[in-house]
1. Of the numbered conditions (1) part of a strand (DSSP E or B); (2) out of contact with any strand residue (DSSP E or B) (no Cβ under 7 Å at 6 or more places or on another chain); (3) under 20 Å from Ile65 (Cα atoms); (4) not hydroxyl-bearing (Ser, Thr, Tyr), Pro126 fails exactly one; give the number of that condition.
2. For Ala50, state whether it is in contact (Cβ under 8 Å) with a residue 24 or more places away in the chain and within 10 Å of the ligand (Cβ to nearest atom).
3. Determine the pairs where a residue that is of a type outside the set (A, V, I, L, M, F, W, C), located within region 93-114, has a partner that is near the ligand (Cβ under 7 Å from one of its atoms) with Cβ atoms under 7 Å apart, the partner being 6 or more residues away or on another chain.
4. For the structure I just gave you, tell me whether Thr118 is over 22 Å from Pro23 (Cβ atoms), within 19 Å of the chain's Cα centre (by Cα) and not basic (Lys, Arg).
5. From (1) in a helix (DSSP H, G or I); (2) within 16 Å of the chain's Cα centre (by Cα); (3) surrounded by 13 or more Cβ atoms within 10 Å (Cβ to Cβ), pick out the condition that doesn't hold for Leu28.
6. Is there any pair with a first residue in region 55-68 that is touching a residue at least 40 places away in the same chain (Cβ under 8 Å) and among the basic types (Lys, Arg) and a second that is buried (at least 20 other Cβ atoms within 10 Å of the Cβ) and not in a helix (DSSP H, G or I) whose Cβ atoms are under 6 Å apart and which are 6 or more apart or on different chains, and what are they?
7. Would you point out which residue out of Lys46, Lys4 is assigned to a helix (DSSP H, G or I) and among the basic types (Lys, Arg)?
8. Among (1) touching a residue at least 60 places away in the same chain (Cβ under 8 Å); (2) touching a helix residue (DSSP H, G or I) at 6+ places or on another chain (Cβ under 7 Å); (3) hydrophobic (A, V, I, L, M, F, W, C), which single condition is Phe178 missing?
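Derivation of every value follows stated rules applied to the coordinates shown; laboratory data play no part. No experiment lies behind these values; they were computed from the predicted model shown. Here the Cβ is made from the backbone with ideal geometry for all residues, glycine too, and neighbour counts use every protein chain on show.
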Amino acid sequence: MSQKDRRRWDEKWLDSAGDRYEPHPLLLQYRTLLGGGEALDLACGKGQNAIWLARQGYRVQGVDISPVALAMARTEAAEQGLSDRIQLITVDLDHWLLPALSYDLICIFRFLDRRLFTAISMGLRPEGLLFCATRHVGLLQRCPEAHESFLLKRGELAEAFSSLWVLHDVENDENSEFVARK
Ligand SMILES: C[S@@+](CC[C@H](N)C(=O)[O-])C[C@H]1O[C@@H](n2cnc3c(N)ncnc32)[C@H](O)[C@@H]1O
């Protein structure tokens with residue numbers, strides 16, 4: 001990612017400093033599956049999902065390009081007394097090597113980089129869970145100016161993660177939601 005794009009994300013997060021983000025509903029819906037262990041939140045932003053997972057007993061790595069977002073996540077984790085369970089790392093996912101067989105759960109919300117799909121599958125431990133939700137091409141109906149490369153195709157997650165056991169594969173008008181187990 002270019003310095004310009006990184007600055008753009010920092011500015012966006014500064015603008016939203018007062019906004020409160022809730023954990024993704026998919027995590028809440030499938031909370032009975034969550035058995036703890038090592039979790040990875042890719043492009044974690046302000047860390048609401050990473051922090052919630054830490055509260056469920058996971059040791060969590062949250063990675064994101066924006067130091068501003070991560071600083072907010074760090075503050076929130078400290079306020080909730082969860083700092084020792086969360087590692088927040090500034091990472092450019094264009095260049096980061098996701099370690100193999102390292103995570104009991106990987107989540108990726110509101111972010112798409114198809115080049116990560118194989119590494120995500122490999123990064124899960126046996127029986128590890130994947131949670132993924134982001135916009136698909138249906139968004140173009142309402143926002144024709146949106147960049148198609150940042151939008152999933154319909155059915156793309158099920159195809160990309162066909163080696164996993166699918167637990168949830170739902171597409172509404174604009175969003176794809178996917179949960180699977182290795
Ligand atoms: C729409 S936000 C989603 C944040 C969080 N997952 C959530 O659902 O609230 C997208 C995030 O991707 C991060 N991001 C964008 N490009 C990235 C890259 N190349 N490497 C790491 N993070 C990146 C941004 O900083 C931002 O926090």
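1. (3)
2. Criteria met by Ala50.
3. Qualifying pairs under 7 Å: Asp94/Met1; Asp113/Leu93.
4. Here the answer is yes, as Thr118 does meet what is asked.
5. Unmet for Leu28, out of (1) in a helix (DSSP H, G or I); (2) within 16 Å of the chain's Cα centre (by Cα); (3) surrounded by 13 or more Cβ atoms within 10 Å (Cβ to Cβ): (3).
6. Listed pairs, sorted by first residue: none to list.
7. Lys4
8. Of everything listed in (1) touching a residue at least 60 places away in the same chain (Cβ under 8 Å); (2) touching a helix residue (DSSP H, G or I) at 6+ places or on another chain (Cβ under 7 Å); (3) hydrophobic (A, V, I, L, M, F, W, C), Phe178 misses just condition (1).
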